[in-house]
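The structure appears below as structure tokens.
Every number in this text was worked out from the coordinates using simple rules, so none of it is lab data. Being a predicted model, the structure only gives us computed values, none of them experimental. Note that we place each Cβ from the backbone using ideal geometry, even for glycine, and neighbour counts take in every protein chain shown.
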Amino acid sequence: MKKLNLIGILSLLFIFSAASFAQEMTEEQWEAEMSRLKAKKDALTQEINALRSDIDNLKAMNLQNFEDCIDELYQMVGANRNDVANFRQAVNELDGKIKRKEGPKADRQKDLDALKKNRISALPEFFNKVHVDMQRALDNWVEEPKEIMYTVVKGDHLWGIAKKKEHYGNGFAWPVIYKANRDKIKNPDLIYPKQVFKIPNLTEEEKAKYEKIRKNYKPAPVQ
């Protein structure tokens, strides 16, 4: 019944369309237009029937619901939803450490290698990130040396050495150099040319500490 109603509506539309043109057309033009509209109607009817057939076929297939498909996918890598959730958390945590360059770099590579060996990494959600993107980020990570060596020249002092841009850029961090070279510095006010000092990297805590001291420092007023 619905099919007949639909065809009927289409027929009325074609008739009204034809009637609107009839007054301006010759008999031959009108007959040609009617033939064109009838062919269009037949084509649309066939398309509707084909779509209905496709719908019936899909219903007959008894497709599996989405959640069951996900569970089946996880089972293929020997995992369940909890396993995948834990893996996702581990990936995000390691990704954050790599982006923040929380070293040592070698440890982060070991962590990533462990994730790669996990069969869950083969899932589409993780494969590119774990096997491509995170490895690329690690490869591009240039790890700074833990310390560099500096040879004292005439006129140097610990404050000035610490303030150099290639070192700390902050003179208040001079105690770090002093502590790292206690075997060579007896008095922090007395250093000598050609002495070779270790300049260790500042930890994040040390950076924050000496930066706070620098910002809060107020020189004594000149008398």
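Summary table below
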| read-out | value |
| --- | --- |
| FRET efficiency, Ala122 to Ser53 (Cβ-Cβ, R0 41 Å, nearest 0.05) | 0.60 |
| Least to most buried among Tyr192, Tyr210, Tyr178 (fewest other Cβ within 10 Å first) | Tyr192, Tyr178, Tyr210 |
| At q = 0.15 Å⁻¹, base-10 log of I(q)/I(0) for the chain (Debye sum, equal scatterers on each alpha carbon) | -1.03 |
| In order through segment 73-85: 3J(HN,Hα) via Karplus (6.51 cos²θ - 1.76 cosθ + 1.60), integer Hz, x for Gly, Pro | 4, 5, 5, 5, 10, x, 10, 10, 5, 5, 4, 5, 4 |
| Cα pair distances exceeding 27 angstrom across segment 96-223, given as percent | 43 |
| J(HN,Hα) series, segment 178-194, from Karplus relation 6.51 cos²θ - 1.76 cosθ + 1.60, nearest Hz, glycine and proline x | 4, 5, 6, 10, 4, 6, 10, 10, 8, 10, x, 8, 10, 10, 10, x, 6 |
| For segment 49-60, 3J(HN,Hα) per residue [Karplus equation, 6.51 cos²θ - 1.76 cosθ + 1.60, θ = phi - 60°, Hz, x = Gly/Pro] | 5, 5, 5, 5, 5, 5, 4, 4, 5, 5, 5, 6 |
| Convex hull volume per residue for segment 69-139, taking Cα atoms only, in Å³ | 69 |
| When each of Lys105/Lys212; Lys116/Lys179; Lys165/Lys186; Lys146/Lys194; Lys101/Lys179 is checked by Cα-Cα distance, pairs over 32 Å | Lys116/Lys179 |
| Sequence-distant residues sharing a close amide H with Gly103 (under 5 Å, placed H) | none |
| In range of the label at Ala90: residues from segment 106-126 whose backbone nitrogen is under 11 Å from the point 7 Å along Cα→Cβ | 111-121 |
